[in-house]
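The values are calculated or read from the model by the stated rules, or taken from the named source; none is laboratory data. Predicted model, so just to flag it, every value in this text is computed and none were measured. Neighbour counts are summed over all protein chains in view; Cβ atoms, including those assigned to glycine, are modelled from backbone coordinates with ideal geometry. The protein model used for the area step is the full one, side chains on, heavy atoms only, and it has no ligands, DNA or RNA in it. Shrake-Rupley method; radii C 1.70, N 1.55, O 1.52, S 1.80 Å.
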Amino acid sequence: MKLVLLGPPGAGKGTQAVRLAEHFGVPHISTGDILRRQVAEKTDLGKKAERYVRAGKLVPDDVVIEMVRKRLKQKDAQKGFILDGFPRTREQAEALDKMVKADRALLLFLDPEDLIKRSTGRRVCENCESVYHLLTNPPKEPGFCDRCGGKLIVREDDREETVRHRIQVYDEQTKPLISFYKEKGILVQVYGSGLIDEVFERAMDALTGAKR
Ligand code: AMP
C-alpha cells in the first residue's frame, strides 16, 4: 500500500497513519516528525527548517522534496508507505508523482471548529513522541505518557494562533491537492470525527471498497 494522507492540521492524520502503517506493515513517514527531529538535533537541515516549523509555515519545497526522496529510497519503503504531511503543495505532489505512483490518497476531513479544538487539545510526550488528546485520547495519569512515563507537552505549533495560521496555509496551499488526486482517480474521503477506532474502520472501508 502506497498511501498519501491528506487533511488539515488537527484532522487526525498522524494517529490514523500509525494504525494504517501497522495494519499494512509499511513505514509511517511523517515529514513533520522528521523535521522536528532534525530541529531538535540541530542538523544542517534542522537549522534551515526551524523558523518555518516554529511559525507553522511551510518549509521550502526543495528542502522537503529532497528529504522525502532520500527517505523513500530506504529499504523499508520499497514495499509501501503511509505518507503523513507530504505532499503539501502542488510542486511537492508533482515531485512525488515522478518518484513513485501512490495507490490511494486518503482525505480526512473535519468541521472547521473541530480542528481548533483538536489541535489545541493535543499533548505529545517530550521523550517518545507518543500523541495524546485531552478529549479523545487522554493519558491514564494526567500530564504523563502511558508508554514511557515522559512529560506531556503542548507542541509549540499547536498554540491557538499558530493553529489558525496552519489551517489558513492548508486552505491556500494544500487543499488544491484534493482535486489533483481526484483527477488521478485515487482519492478517497473519510469523515475524521469520532473515536480513533471508528475513524480507522471508516478509513479501512473506504480503502478496501475503493480498491480496483
Ligand atoms: P505536521 O506535523 O505535519 O503538522 O508538520 C509540522 C510542521 O512541519 C509544518 O507546520 C511545517 O512547518 C513543516 N512541514 C511538515 N511537512 C511539510 C511539508 N510537506 N512541506 C513543508 N513543510 C512541512
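Take the residue pairs LYS47/LYS182; LYS70/LYS117; LYS42/LYS79; LYS117/LYS140 and return only those whose Cα atoms are more than 27 Å apart. Long pairs (Cα-Cα over 27 Å): LYS47/LYS182; LYS70/LYS117; LYS42/LYS79. Per-residue 3J(HN,Hα) values for segment 86-95, derived from phi via the Karplus relation 6.51 cos²θ - 1.76 cosθ + 1.60 with θ = phi - 60°, read 8, x, 10, 9, 4, 4, 5, 5, 5, 5 Hz in sequence order (x marks Gly and Pro). Among LYS151, LYS57, LYS13, the largest mean-square fluctuation in a Gaussian network model of the chain (Cα springs under 10 Å) belongs to LYS151. Working note: Cα atoms of the chain, range along each principal axis, descending, whole Å: 45, 40, 34. Taking amide H as placed 1.01 Å from N in the peptide plane, the amide H of GLN189 sits under 5 Å from that of LEU107, each at least 5 places away or on another chain. Taking a Cβ cut-off of under 13 Å around ASP44, the surrounding Lys, Arg, Asp and Glu residues balance to a net charge of 0, with basic ones at +1 and acidic ones at -1. Computed on the chain, with alpha-carbon pairs under 8 angstrom and 6+ residues apart, the relative contact order is 29 percent. Going by the alpha-carbon gyration tensor, a ≥ b ≥ c the square roots of its eigenvalues, is segment 44-114 rounded (a/c under 1.5) or, if a/c is not under 1.5, prolate (a/b greater than b/c) versus oblate? Here segment 44-114 falls in the oblate category.
Protein heavy-atom surface of segment 1-155, 1.4 angstrom probe: 51% of the accessible area is carbon and sulfur, with nucleic acids and ligands not counted.
Each residue of segment 68-75 was assigned a 3J(HN,Hα) from its phi angle through the Karplus curve 6.51 cos²θ - 1.76 cosθ + 1.60 (θ = phi - 60°); the sequence is 6, 4, 5, 5, 6, 7, 5, 4 Hz, with glycine and proline shown as x. Got the relative contact order for segment 30-134 handy, in percent, Cα pairs under 8 Å and 6 or more residues apart? It rounds to 18 percent for segment 30-134. Dividing the C-alpha radius of gyration of segment 71-171 by 2.2 N^0.38 Å, with N its residue count, gives 1.31.
Sorting 1-10, 185-194 by average packing, meaning the other beta carbons within 10 Å per residue, from highest down gives 1-10, 185-194.
In the context of the full set of protein chains, residues of the chain present 53 Å² of accessible surface per residue (probe radius 1.4 Å, heavy atoms only). Measuring nothing but how far apart in sequence close Cα pairs (under 8 Å, 6+ apart) lie, relative to its length, segment 80-160 scores a relative contact order of 23 percent. For segment 156-212, the spread of Cα positions along the three principal axes, ordered from largest to smallest, is 41, 30, 14 Å.
Given axes a ≥ b ≥ c from the Cα gyration tensor, I'd like to know whether segment 1-72 is rounded (a/c under 1.5), prolate (a/b larger than b/c) or oblate. Cα axes put segment 1-72 in the prolate bin.
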